[in-house]
Amino acid sequence: MKSISEWFDEYSESHQNPTNKKIHWVCVPAILFSIIGIITHFSALLTALLIVLTLIFYARLDLVLAVAMTALLVVMAWLIYVLPVGVGFYIALFVIAWIGQFYGHKVEGKKPSFFKDLQFLLIGPVWCMDAYLGKIFPKWKNRQNKLITQ
């Protein structure tokens, strides 16, 4: 299994353009939120199972990022529970966010990473979380650099 650093390095190859990065920082969480919303409308049990499996994948890569992703997923699940919207809202959000993603890759001039490996669909959200944590906590990148050199 690849390390978190290897996943991020490979994912970052097609996410260098500042505009594409900004688009991803908005659209990747929107896609994650919409997928959870769509699946939840059909089966809460299936949603819970998929979230647990995703968090196990993240925990195997980086425990701190897995905890951060757990918090994000709990907030997303709560929002889906309290928002008075139907499945159509989540489908529309999904489509709009993917249009944004593909536009970002057009700007970048590179294909999305998941064309190479579908596991990158799981790496995108945690890559965004890593970027958010780096913005919120200035020492976060130093932590990641220490992980890379170990």
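The values are calculated or read from the model by the stated rules, or taken from the named source; none is laboratory data. Nothing here was measured: the structure is a model prediction, and the numbers come from that model. Reconstructed Cβ throughout: ideal geometry from the backbone, glycine too, with neighbour counts over all protein chains shown. Heads up: the accessible areas ignore ligands, DNA and RNA and are worked out on the full protein's heavy atoms, side chains in. Shrake-Rupley method; radii C 1.70, N 1.55, O 1.52, S 1.80 Å.
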Quick calc: nm separation of the 7 Å Cα→Cβ label points for Arg60 and Glu13 -> 2.2
His15 accessible area, 1.4 Å probe, all protein chains in place, Å² to nearest 10 | 0
Radius of gyration and maximum dimension Dmax of the chain, Cα, Å = 15.5, 47
Beyond 20 Å between alpha-carbons counts as too far, so tell me which of Lys106/Lys135; Lys111/Lys135; Lys2/Lys22; Lys22/Lys135; Lys2/Lys139; Lys110/Lys139 fall in that bin.
-> Lys106/Lys135; Lys111/Lys135; Lys2/Lys22; Lys2/Lys139; Lys110/Lys139
Phe115 - accessible surface, heavy atoms, 1.4 Å probe, Å² rounded to 10 | 120
Region 40-150, relative contact order [Cα under 8 Å, separation at least 6], % | 23
From the phi of every residue in region 53-62, what ³J(HN,Hα) in whole Hz does the Karplus formula 6.51 cos²θ - 1.76 cosθ + 1.60 yield, where θ is phi - 60° and glycine or proline is x?
-> 5, 5, 5, 5, 4, 5, 5, 5, 8, 6
Heavy atoms of Val52 accessible to a 1.4 Å probe, total area in Å² rounded to 10 = 80
If each part is reduced to its alpha-carbon centroid, region 1-25 and region 65-118 end up apart, in Å, by 15
Taking θ as phi - 60°, what are the ³J(HN,Hα) couplings along region 22-29 by the Karplus curve (6.51, -1.76, 1.60), each to the nearest whole Hz, with x for Gly and Pro?
-> 4, 4, 5, 5, 9, 6, 4, x
Per the Kirkwood definition applied to all pairs of different Cα atoms, how many angstroms is the hydrodynamic radius of region 1-56?
-> 13.3
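Which whole-number value in Å² is the accessible area per residue of the chain, probe 1.4 Å?
Averaged over the residues of the chain, the accessible area is 59 Å².
State the percentage of accessible surface on the chain attributable to carbon and sulfur atoms; use a 1.4 Å probe and exclude ligands, DNA and RNA.
Values: 6250 of 8780 Å².
Within the chain, the accessible surface is 71 percent carbon and sulfur.
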